[in-house]
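What follows is a short report on a single structure.
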Amino acid sequence: MAPQQSTPYANRRQRVARTMKERGVSILLLEDAEHLRDPSLRYLTGHPQDALLFLRSDGHAALVPWDVPLAELHAQVEEILPYNQFDRQLPQAVVGILKHWGMSPSEPFSLELVGQEPYVTVVELEQTLKGEFPSARIVCEKEGIAAYIEECRQIKSEEELTLLEGAAQITNEVLRSLEDLLSEERPIPETEVALFIEMESRKRGAEGTSFQTIAAGPHRSFAIHAYPTFGSGLFKDPTTPGLSILDFGILYQGYTSDVTLTLASGKLTERMRFLIELVEEGYQKALSLCNPGIPSWEIAEAVQSIFSRHSLSMPHSLGHGIGLAVHERPFFRLKKNGGAVLTPGMVVTIEPGLYEAGTGGVRLENDILITDTGARVLTHARILRL
């Protein structure tokens, strides 16, 4: 292919290549496949999914996709070579690319894989390389180059923010339609709610939902992530008061949203109302603290302190970053479990939640952009009282 002009993808690859050179990494291999999804491949190339990416420390990239026509439509890289050319086998693809690049069998170099690559794959690759490139060294580290790319992805560019705001806009339109649907005085099944979201999001230009929608009626909302995510039961039953949780996200040109709406319908018990009030208090507290320079763990601890006064605790993190993945850095965990200092350009979720068997669950989640002056709420999910 002809040399690529400067693009956001090429600029990102050059930034990664400089770090590779500093760390002594000759070639980076990223894999996005059914068994190992890696949004960083799309971040560096624009290709949606199912491919290998080989990146040299000089910034030159070769993409090895399953679907060449799709890659030719979306990918912005120097070379595209079909995976079929290598029998769709990773070790053969590695050897094939190295030979294609004219690498000498006696030349020492390092090949870095992501830390999540299966052990058996690493062993098989080592055995294959020994016979062809005996001086090659495989590197596979948890905090390697792949982790560095994830850190880069935390701060969104203007182009990325435009796409994230597009995902949020579609999400808000779907939320408004959902409120109209849920206000109807009739039984509404979980399946209807989940499929309604899928249909409405695609009608508005989304690629679909960014994860499988969780629609849990009053009898199942006590679970953090109900299983199955939606079923044949009722999400809303006009004859039965209770709490229902609806957690969904929209995928728009690769970028995601993630929101949770709680439906409080009918005459609630005192305990239900108490959980709602606590979650709303925790949400407002977190929102007030989402400012640049604030460590994410301080916000998580502040919300947990609200719940602790009533001998309650939140069984999941307070929130997480979103972008090309629905869960990415930074994470709003307690300090001992890590986190990050909020920085302008980060897009995160805030999602306090409490859950009790016999009472039900309450969760409120919205997407928030960290700006130079504070936080801007992008989505408009709320606790819906009917």
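Output the number of residues of region 61-71 satisfying the condition of being surrounded by fewer than 18 Cβ atoms within 10 Å (Cβ to Cβ) and either under 25 Å from the mean Cα position of the chain (by Cα) or touching a residue at least 40 places away in the same chain (Cβ under 8 Å) (or both).
Restricting attention to region 61-71, the residues satisfying the condition of being surrounded by fewer than 18 Cβ atoms within 10 Å (Cβ to Cβ) are 66-67, 69-70.
Imposing the further condition that a residue be either under 25 Å from the mean Cα position of the chain (by Cα) or touching a residue at least 40 places away in the same chain (Cβ under 8 Å) (or both) reduces the set to 66-67, 70.
Residues that pass the stated criteria total 3.
Please verify whether region 213-223 includes one or more residues that are farther than 18 Å from G353 by Cβ and surrounded by 17 or more Cβ atoms within 10 Å (Cβ to Cβ). Before you say what the answer is, go through the steps one by one.
First, pick out the residues of region 213-223 that are farther than 18 Å from G353 by Cβ: none.
Checked against the condition, which is being farther than 18 Å from G353 by Cβ and surrounded by 17 or more Cβ atoms within 10 Å (Cβ to Cβ), region 213-223 yields no hits at all.
Among the residues of region 350-364, those that are crowded, with 24+ Cβ neighbours inside 10 Å and either modelled with pLDDT under 95 or not small (G, A, S) (or both) comprise I350, E351, P352, V362, R363. Among the residues making up region 148-187, a single one is in contact with a Leu (Cβ under 8 Å, 6 or more places away or on another chain), surrounded by 13 or more Cβ atoms within 10 Å (Cβ to Cβ), of a type outside the set (K, R) and not in a helix (DSSP H, G or I): P187. Here the condition is being more than 17 Å from D258 (Cβ to Cβ), free of Cβ contacts under 8 Å to residues at least 60 places away in the same chain and in contact with a Cys (Cβ under 7 Å, 6 or more places away or on another chain); of L342, L289, L312, L334, it holds for L342 alone. Out of R56, R88, R12, R18, one residue alone is basic (K, R), crowded, with 18+ Cβ neighbours inside 10 Å and over 24 Å from Q253 (Cβ atoms). It is R56. Scanning region 314-349 for residues that are of a type in the set (V, I, T), surrounded by fewer than 22 Cβ atoms within 10 Å (Cβ to Cβ) and in contact with an Asp or Glu (Cβ under 9 Å, 6 or more places away or on another chain) yields a single hit, V326. Any residue at all in region 28-51 that is in contact (Cβ under 8 Å) with a residue 24 or more places away in the chain, β-branched (V, I, T) and either assigned by TED's automatic domain parsing to the domain that holds L163 or closer than 17 Å to F86 by Cβ (or both)? Scanning region 28-51, I find no residue that is in contact (Cβ under 8 Å) with a residue 24 or more places away in the chain, β-branched (V, I, T) and either assigned by TED's automatic domain parsing to the domain that holds L163 or closer than 17 Å to F86 by Cβ (or both), so the answer is no. In the set (1) among the aromatic types (F, W, Y); (2) surrounded by fewer than 21 Cβ atoms within 10 Å (Cβ to Cβ); (3) out of contact with any strand residue (DSSP E or B) (no Cβ under 7 Å at 6 or more places or on another chain), the condition left unmet by F109 is number (3).
Take region 263-273 and flag every residue that is assigned to a helix (DSSP H, G or I), touching a residue at least 24 places away in the same chain (Cβ under 8 Å) and surrounded by fewer than 16 Cβ atoms within 10 Å (Cβ to Cβ). I'd like the intermediate steps shown before the answer.
Kept after step one, since they are assigned to a helix (DSSP H, G or I), are these residues of region 263-273: 270-273.
Okay, now just the ones that are also touching a residue at least 24 places away in the same chain (Cβ under 8 Å), so 271-272.
R271 - this is the single residue of region 263-273 that is assigned to a helix (DSSP H, G or I), touching a residue at least 24 places away in the same chain (Cβ under 8 Å) and surrounded by fewer than 16 Cβ atoms within 10 Å (Cβ to Cβ).
The values are calculated or read from the model by the stated rules, or taken from the named source; none is laboratory data. Just so you know, these numbers come straight off a predicted model, no measurement behind them. All Cβ positions, even for glycine, are placed from backbone atoms using ideal geometry, and neighbour counts span all protein chains on display.
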